[in-house]
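Okay, so here's the structure we're looking at.
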Amino acid sequence: MALPRRAGAAIVDRVEDYAATAARAFETWRRTDIAERTSKLLALGELVEQRLPELAHRITSEVSKTLRGSTAELEKSAGYCRWLAANGARILAPRDVIRYEPLGVVAGIMPWNFPFWQVFRFAAPALIAGNTVVVKHSPLVPRCAETIEELFAEAGFGDGVMICRAAPAEEAQRLIAHEAVRAVSFTGGAEGGRAVAATAGAHLKKCILELGGSDAFIVMPSANLDEALRAAVASRIRAGGQACTAAKRFMIHEAIADAFQSRFVAAMQSLILGDPFDPRTDLGPLVTESLADRLERQVRDSVAAGAQLLCGGVRLSPRAYAPTVVATRTTKIPLMQEETFGPVAPILRVRDAAEAIAAANDSPFGLSASIWTADEREAAELSAALGVGQVFVNAATSSRFEVPFGGTKESGFGRELGEAGVYELVNVKAVVRA
């Protein structure tokens with residue numbers, strides 16, 4: 001049964017109604033050869049690359065991300081299709097007594113900040129494993145959601161194999177509870193994650209939760225300061241500062257803190273704010289006024305708690321907040337304890353690796369961390385002690401195709417990407433013969 005197409009601005013669906021359609025499609029899709037699934041993923045990646053300018057414009061028009069940021073997101077989405085196509089058959093091949101079988105209909109509850117990448121990194125491994133997919137996308141990105149479904153259809157994924165619709169938050173609970181849905185993957189805030197986990201648990205369904213982060217960025221005296229500074233600024237303003245893997249808390253060794261702080265402030269002040277469609281722009285507006293309200297409150301309360309404002313700290317328009325840096329002597333301020341979505345950076349001076357570890361771990365989140373040091377022993381000590389899902393040494397935090405991605409504590413549980421991300425979405429069946 002063909003699914004109805006609607007004008008992007010008017011999409012407000014009951015996505016739960018599509019679970020039964022996906023269940024019917026599963027009976028055919030699960031039996032398709034892995035080579036056929038692979039070819040469709042390759043076709044999908046090629047379609048994205050062929051339509052890059054158009055698709056980048058669509059992302060920027062809905063989430064105010066710079067055009068180059070939107071283009072990078074699409075290139076990553078296409079690249080993941082190629083990586084998974086090259087590795088999927090090997091990952092899913094039977095080994096010894098183990099077979100990897102699809103679960104059935106898998107639901108995705110996806111956010112607005114990376115509207116294509118978040119869907120692709122969930123849906124592509126689910127589909128190559130033989131599942132069918134229903135995505136409840138954010139109501140902030142209706143045109144992106146519609147376009148994603150159209151791309152999958154054009155690449156050859158049949159009716160009901162991949163359904164992606166923008167819908168209100170309340171649709172998520174009904175989708176998860178639908179009898180046809182066997183598992184759910186959610187990316188979003190901790191509050192939403194708790195609600196998803198509660199519903200999935202009530203129905204005994206597996207869930208994967210990626211709940212954001214407040215990533216530590218640690219710089220030690222032996223680090224290449226030029227490279228660390230470039231990475232610090234680029235990471236902090238990724239997607240306008242609205243990324244879960246952006247560097248958000250900066251722990252700088254006191255021996256180099258003055259140099260780092262002065263150069264970091266200068267770099268943040270030099271950023272160009274404006275029209276996200278202008279290629280010269282570094283930062284566009286935040287996606288909603290409520291996010292700007294929250295950021296304004298976090299800065300105000302942190303300064304009231306003793307943080308020193310070094311630059312910024314002002315709202316430039318209803319949705320634009322100036323690049324802001326504060327210096328703090330404690331982790332007990334909102335900017336160090338809460339997740340921040342916007343171009344705001346707190347800097348904490350530390351005396352040694354032990355103090356950096358303590359400060360980095362003093363957070364309810366545990367997604368990623370970035371450490372900068374030329375000392376291998378120090379790198380090993382820091383990596384082992386940080387309570388996060390992934391550590392990047394002399395590199396900014398990110399998600400990479402071949403590396404399992406996910407967090408600890410309030411950053412959630414379960415993994416995406418890499419082999420582990422594929423295995424989250426299958427039934428690992430043991431077949432033992434006498």
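Just a few scattered comments:
- Cβ-based net charge around residue 342, under 11 Å, with every Lys or Arg adding one and every Asp or Glu removing one: +2
- Taking 220, 162, 251 and counting other C-beta atoms within 10 Å, the order from fewest to most: 220, 251, 162
- Positive minus negative residues near residue 192 (Lys, Arg vs Asp, Glu; Cβ under 13 Å): -4
- Column: log10 I(q)/I(0), Debye, Cα scatterers of the range 187-231, q = 0.18, 0.30 Å⁻¹: -0.61, -1.03
- Placing unit charges on the Cβ atoms of the charged side chains and taking the dipole of the range 215-393 about its Cα centre, the candidate lying farthest along the positive direction among 380, 292, 262 is 292.
- Under 5 Å, built H, 5+ apart or other chain: amide partners of residue 311: 325
- Cα centre as origin, Lys/Arg/Asp/Glu Cβ charges: the chain dipole, Debye: 500
- The mean sequence separation of alpha-carbon pairs under 8 Å and at least six residues apart, normalised by the residue count of the range 215-393, gives a relative contact order of 28 percent.
- In this structure, the residue pairs whose Cα-Cα separation is over 31 Å, taken from 205/248; 248/429; 409/429; 76/332; 136/409; 65/205, are 205/248; 248/429; 76/332; 65/205.
- Taking Cβ atoms as reference points and 10 Å as the exclusive limit, the residues near residue 125 contribute a net charge of -2, counting Lys and Arg as +1 and Asp and Glu as -1.
- Dipole magnitude of the range 215-393 about its Cα centre (Cβ charges: Lys, Arg +1; Asp, Glu -1), debye to nearest 20: 420
- Label-to-label distance, nm, for residues given as residue 202 and residue 380 (7 Å Cα→Cβ offset): 5.0
- Degrees, to the nearest 10: 67-92 long Cα axis against longest axis of the chain: 50
- Scalar couplings 3J(HN,Hα) for the range 227-243, obtained by applying the Karplus form with A = 6.51, B = -1.76, C = 1.60 to θ = phi - 60°, are 5, 4, 5, 4, 5, 4, 5, 4, 5, 5, 9, 4, 6, x, x, 9, 10 Hz; x denotes Gly and Pro.
- Amide hydrogen proximity for residue 286: with H placed 1.01 Å from N in the peptide plane, the residues at 5 or more positions away or on another chain lying under 5 Å are 320, 321.
- Farthest toward the positive end of the dipole of the range 215-393, out of 318, 370, 251, is the Cα of 318, where the dipole comes from beta carbon charges about the Cα centre.
- Cβ-based exposure ranking for 18, 423, in which fewest neighbours within 10 Å come first: 423, 18
- Each peptide in 205-212, 351-358, 130-137, 393-400 was scored by the mean count of other Cβ atoms within 10 Å over its residues; highest first, the order is 130-137, 205-212, 393-400, 351-358.
- Across the chain, C-alpha contacts under 8 Å between residues 6 or more apart give a mean separation that, scaled by the residue count, equals a relative contact order of 18 percent.
Bear in mind these aren't lab numbers, they're just calculated from the coordinates by the rules spelled out. As the structure is a prediction and not an experimental result, all values here were calculated from the model. Reconstructed Cβ throughout: ideal geometry from the backbone, glycine too, with neighbour counts over all protein chains shown.
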